[in-house]
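The values are calculated or read from the model by the stated rules, or taken from the named source; none is laboratory data. Given the structure is predicted, the values throughout are model-derived calculations rather than measurements. Cβ atoms come from the backbone with ideal geometry, glycine included; neighbour counts cover every protein chain shown.
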Amino acid sequence: MRVIAIDGPAGAGKSTIAKALAARLGLEYLDTGAMYRAVTCAALQRDIPVDDLSAVTELARTMALDVDDRGVIVDGVDVTSAIRTPEVTESVRWIASNSDVRTELRNRQREWADAHGGGVIEGRDIGSVVFPDARLKLYLTASPRVRAERRVAEAGGDVDEIERAIASRDDSDTSRADGPLREAEGSRVVDTTGLDIDQVLEAIVRLLEENE
Ligand code: DC
């Protein structure tokens, strides 16, 4: 099974690069952040408090969740846009720090990889916990300012405010007890500051060739 794990902080370019790399290598692509967002979105829609550990775990275990390149479907409803609202982005840290939810979603990620014969999988703990034996483990990063500027170019907003929100999310991502964001053992760090998509892709393809 050929798994390429891509981890790193918000705004480092993971999704763009993961999709482009998957297309180039003829592999499927999985956005695991969308899974944490989908559980958050479903909890908010059902008035389940995001800090109610057991209710959220029950939700994560029982919901039908389908994530693919076309979008995200929860219990038959398309939530592709709904998972990107500021409310979901603000609340997702509660879901991501729930260890039982992490166990459930990690199982689903491994089942997905089995069913697809591997893939390019992006998140925060993919190389460190979910697929420690991945063919290539990448840690994509960029300066906080550049990450904020990229978000503003995509979706608008104030760059200082977004930089602060990104720093706060970095804090909660790196400090949670279960699956904190960190460079996995054996991972290759790619700093995308000042590089365009093609340059990042070329750097990754070179790393892949070195690893084969
Ligand atoms: O990549 P993203 O911003 O859409 O991810 C949303 C949140 O989900 C992010 O704050 C961290 C969390 N996440 C996680 O804890 N583990 C993953 N494998 C992927 C995302």
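In region 172-201, which residues are exposed (fewer than 12 other Cβ atoms within 10 Å of the Cβ), among the charged types (D, E, K, R) and part of a helix (DSSP H, G or I)?
Across region 172-201, the qualifying residue is only 198.
Test residue 50 against the criterion of being within 14 Å of the ligand (Cβ to nearest atom) and over 27 Å from residue 145 (Cα atoms), and give yes or no.
Values: within 14 Å of the ligand (Cβ to nearest atom): yes; over 27 Å from residue 145 (Cα atoms): yes.
In short, yes.
Among the residues of region 94-115, is there at least one that is surrounded by 15 or more Cβ atoms within 10 Å (Cβ to Cβ), touching a Pro at 6+ places or on another chain (Cβ under 9 Å), aliphatic (A, V, I, L, M) and modelled with pLDDT of 95 or more?
no
Kindly indicate whether residue 140 is more than 17 Å from the chain's Cα centre (by Cα), at pLDDT 95 or above and surrounded by 16 or more Cβ atoms within 10 Å (Cβ to Cβ).
Values: more than 17 Å from the chain's Cα centre (by Cα): no; at pLDDT 95 or above: yes; surrounded by 16 or more Cβ atoms within 10 Å (Cβ to Cβ): yes.
Criteria not met by residue 140.
Starting from region 141-170, keep only residues that are closer than 14 Å to residue 86 by Cβ and in a helix (DSSP H, G or I), then list their pairs with residues that are of a type in the set (Lys, Arg) and modelled with pLDDT under 90 whose Cβ atoms are within a distance under 8 Å, requiring at least 6 positions of separation or different chains.
What qualifies is 162/151; 166/151.
Look through region 80-133, keep the residues that are away from the ligand (no atom under 13 Å from the Cβ) and outside any helix (DSSP H, G or I), and return whichever of them is nearest to residue 58 (Cα to Cα).
81
Considering every residue within region 27-41, establish whether at least one is surrounded by fewer than 18 Cβ atoms within 10 Å (Cβ to Cβ), away from the ligand (no atom under 13 Å from the Cβ), in contact (Cβ under 8 Å) with a residue 60 or more places away in the chain and not in a helix (DSSP H, G or I).
yes
Report, by residue number, each residue of region 59-93 that is buried (at least 17 other Cβ atoms within 10 Å of the Cβ) and among the polar types (S, T, N, Q). Working first, answer last.
Restricting attention to region 59-93, the residues satisfying the condition of being buried (at least 17 other Cβ atoms within 10 Å of the Cβ) are 59-60, 65, 67, 72, 74, 79, 82-83, 88, 91-93.
Scanning region 59-93 gives a single hit, 91.
Given the options 152, 159, name the one that is surrounded by fewer than 15 Cβ atoms within 10 Å (Cβ to Cβ), among the β-branched types (Val, Ile, Thr) and more than 22 Å from residue 39 (Cα to Cα).
On the way: 152 fails: surrounded by fewer than 15 Cβ atoms within 10 Å (Cβ to Cβ).
None of the others qualify; the one that does is 159.
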